[in-house]
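Here is the structure we will look at, set down as structure tokens.
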Amino acid sequence: MSNSDVVAEVRSGTKRYPGVTALNDVDFSVRRGEVRALLGKNGAGKSTLIRILSGAEQLDSGDALVDGTSLKGLGTREVAGLGVATVYQELSLVPDMSVAENLFMGVWPSARGALDWRRMRVDARAAMARIGVDVDIDRPVGSLGAAGQQLVEIARAVWQNPSLLILDEPTSSLAAAEVRQVINVVRRVAEQGVAVIYVSHRMDEIRQVADTATVVRDGRIVETLPVGAASTSEIVTMMLGTAPEAVTARVRRPSSDPPVLSARGLRTDKLDGLDIDIRPGEILGIAGVLGSGRTETLRVLMGLDRPGAGEVRLRGEAVRPGAFATMLRRGLGITPENRRRDGIVPLMGVDENIVMSDLRRVSRSGVLDRRAIGEAARALIDRLAIKTSRPGTPIGDLSGGNQQKTVLARWLHAGSTVLLLDEPTRGVDVEAKRQIYDQMRQLADDGRAVVFVSSEVEELTDVCDRIVVLRSGRAVAELTGDEIELERVLAIAIAEE
Ligand SMILES: Nc1ncnc2c1ncn2[C@@H]1O[C@H](COP(=O)(O)OP(=O)(O)OP(=O)(O)O)[C@@H](O)[C@H]1O
Ligand SMILES: [Mg+2]
């Protein structure tokens, strides 16, 4: 290949933030038709490299170029004009606007100066069809759930016919079938000569989608290699800088205690008579395909959504449905699926985001105690190995995976007795995942109830003591012990009615 095949590059690029060098003298380039994976731990610098190449951030020194044009002084709009389309790690859609409006945000088709609604709707359907997804383009995007929104973002980027397509964790909320679709689309556009930069923490997916991989560690590029040239454990070793710890086999210990939380006949527009029992001392997994009602189940149990019918009991006592504040006070905690929208207060410190779940624990005579806040936060930052330059850093400045760990830390601080975890390992690196599983196990051993929702069925079958499978808003199977097998869970989840 000749040099003219290089679509984008960074030369000796350095980017500093207060207290951290996010990119340290980086040389990077990607060619036409190449799918390049970016691999590295949470906070390694992957998203920073992407924000540099999309014009969202400027280097402190060195240069970034697209098709030979320096990006110095250019913003995202100008860089998009050079043929770069980016899907950022955090969803950037406007929830109340329709799928169609979001797809063409800022580039609305117009006819004679007026918005051309008809064309917008035709194009919107075509854009979704191009990535093989069937959604109602008139629906508000916010009603789609995280997976649907992620697909809309991808459709929007692909529709721009970019020469460089950048995808920062495009599949973190997707289940296997949708991941497959995304991989197919990416392969197809690469065959047409588009250069693709792709971030994911799932190695099996990287192997299917990428030609080459660049491993980033502490802001430096460790290595760039064809993905077939190294084993997964070799690549993980490059990411971590040391060999990963051996995995210890887990013993499943389903609990026979009476349920701490149970629900009967829950009905909403997404649930169809759901029954579920949650017992102390175990990790209960909830499996199911997109739209099966997993997130909705947690939201109803937590009192965030009010069911049209059905009953929720806490320690045997009926609770008023939709009573979030009561549930919170009585020891329930939830890590929401969409941390940007429901999970974090971006401008507040990591420390404040942690202790906000229980301010009494860090108050004296009703007054917040700064020292106590610092101590409580620091202990949890250590326990979960959250990468932040100081406890008071605004959480919005942390890398995606570290924000996710902070949301979990909040409920450890609260000492919740029932923890409802919706995709708690979303965007979290391999090592951090292990730490989160260990925390979940400790909580269960400690007599708490842990409910674990994930679209990665493998992690459910690895970690859980019991698994409930949802289909069309109903619990259709409950598995324990040897019944917990990947193939079996998948088969039940996708079975026809
Ligand atoms: N706006 C910002 N202000 C301050 N620090 C930042 C900012 N953005 C990123 N950082 C820091 O730069 C480092 C690299 O972050 P980056 O988001 O690039 O990591 P990442 O590799 O994408 O991680 P993840 O896998 O968790 O998404 C981290 O230490 C992060 O806290
Ligand atoms: Mg990132």
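Throughout, read-outs are computed from the coordinates displayed, never taken from laboratory work. Everything numeric here is computed off the predicted structure, so don't read it as measured data. Counting neighbours? That spans all protein chains shown, and the Cβs are built from the backbone with ideal geometry, glycine included.
Shape of the stretch 124-225 from its Cα gyration tensor (a ≥ b ≥ c, root eigenvalues): rounded if a/c is under 1.5, otherwise prolate when a/b > b/c, or oblate?
Cα axes put the stretch 124-225 in the prolate bin.
Determine the gain in length on full extension of the stretch ARG180-ASP204; use 0.36 nm per residue of separation and subtract their C-alpha separation, reporting nm with one decimal.
Value of the extension gain: 7.5 nm.
Please state the charge dipole magnitude for the stretch 55-176, taken about the Cα centre, from unit charges on C-beta atoms (+1 on K and R, -1 on D and E), reported in debye and rounded to the nearest 20.
Using Cβ point charges on Lys, Arg, Asp and Glu, the stretch 55-176 gives about 580 debye.
Under 5 Å between amide hydrogens, which residues at least 5 positions from ALA477 or on another chain qualify, with H placed 1.01 Å from N in the peptide plane?
VAL469
Taking the Cα centre as origin and putting +1 on Lys and Arg beta-carbons and -1 on Asp and Glu beta-carbons, what dipole magnitude results for the chain, to the nearest 20 debye?
So the dipole magnitude of the chain works out to roughly 1200 debye.
Amide H of GLN160 versus every other amide H placed in the peptide plane: which residues, excluding those fewer than 5 positions away on the same chain, fall under 5 Å?
Sorted by chain and number, the residues that satisfy this come to none at all.
For the stretch 261-494, calculate the relative contact order in percent as a whole number, restricting contacts to Cα pairs under 8 Å that are 6 or more residues apart. Numbers along the way, then the final one.
Working: 470 pairs, mean separation 70.1, N = 234.
It rounds to 30 percent for the stretch 261-494.
Could you work out the helix-only [θ] at 222 nm for the chain, with each DSSP H run of four or more residues adding -39,500 (n - 2.57) and the total divided by the number of residues, to the nearest 500 deg cm²/dmol?
Computed ellipticity for the chain at 222 nm equals -9500 deg cm²/dmol.
Note down the Stokes-Einstein diffusion coefficient of the chain in µm²/s, whole number, using a Kirkwood radius over alpha carbon pairs, 25 °C, and 0.890 mPa s.
Using the Kirkwood radius from Cα pairs, D works out to 103 µm²/s.
Against the empirical 2.2 N^0.38 Å scaling, what ratio does the C-alpha Rg of the stretch 3-240 come to?
Scaled against compact globular proteins, the figure is 1.01.
Which of the trypsin sites (Lys or Arg not before Pro) found in the stretch 291-362 are in a DSSP loop and have at most 11 neighbouring Cβ atoms, other than their own, within 10 Å?
none
Hey, what angle do you get for helix 400-414 against the long axis of the chain, alpha-carbon based, 0 to 90 degrees rounded to 10?
So the helix axis and the longest Cα principal axis differ by about 20 degrees.
If you average the sequence gap of Cα pairs under 8 Å that are 6 or more apart and divide by the length of the stretch 236-387, what percent do you get for the contact order?
This gives 15 percent for the stretch 236-387.
Starting from the amide H of LEU167, placed 1.01 Å from N in the peptide plane, find each other amide H under 5 Å away whose residue is 5 or more places distant or on another chain.
Here the answer is VAL87, ILE197, TYR198, VAL199, since their amide H atoms fall under 5 Å of that of LEU167.
Normalised by the residues of the chain, what does the relative contact order come to in percent, with Cα pairs under 8 Å and at least six apart?
Dividing the mean separation by the residue count of the chain yields 16 percent.
Would you mind putting 228-238, 435-445 in packing order, based on average other-beta-carbon counts within 10 Å, highest first?
435-445, 228-238
What ranking, highest mean first, results for peptides 477-484, 274-281, 405-412 when packing means the other Cβ atoms within 10 Å averaged over each residue?
Final packing ranking: 405-412, 274-281, 477-484.
How big is the stretch 61-152 by the Kirkwood estimate over distinct Cα pairs, in Å?
Result for the stretch 61-152 stands at 15.0 Å.
Quickly work out the ARG250-to-GLU496 label distance, labels modelled 7 Å from Cα along the C-beta direction, and quote it in nm with one decimal.
Taking the two extended label points, one gets 3.4 nm.
Which of the peptides 485-493, 86-94, 152-160 is most tightly packed, and how do the rest follow, judged by the mean count of other Cβ atoms within 10 Å per residue?
The densest-packed peptide leads the list: 152-160, 86-94, 485-493.
Explain nothing, just the number: dipole magnitude of the stretch 261-494 about its Cα centre with +1 on each Lys and Arg Cβ and -1 on each Asp and Glu Cβ, in debye rounded to the nearest 20.
1100
Return the sequence-ordered ³J(HN,Hα) values of the stretch 350-357 in whole Hz as given by the Karplus equation 6.51 cos²θ - 1.76 cosθ + 1.60 applied to θ = phi - 60°, using x for Gly and Pro.
Residue by residue, the stretch 350-357 yields 4, 4, 5, 5, 6, 7, 4, 6 Hz.
Which percent, to the nearest 5, of DSSP beta bridges fully inside the chain are antiparallel?
The antiparallel proportion sits near 60 percent.
Loop only per DSSP, at most 13 neighbouring Cβ atoms within 10 Å: give me the trypsin sites (Lys or Arg not before Pro) in the stretch 1-79, ordered by residue number.
LYS72
Relative to the longest principal axis of the C-alpha atoms of the chain, give the angle of the C-alpha long axis of helix 145-159, reported between 0 and 90° and rounded to the nearest 10°.
10
Filter the cross-link list LYS387/LYS433; LYS41/LYS72; LYS46/LYS405; LYS15/LYS41; LYS72/LYS405; LYS46/LYS270 down to pairs whose alpha-carbon distance in this structure exceeds 26 Å.
Cα-Cα > 26 Å for LYS41/LYS72; LYS72/LYS405; LYS46/LYS270; rest within.
Direction-averaged shadow area of the convex hull around the Cα atoms of the stretch 261-494, nm²?
12.4
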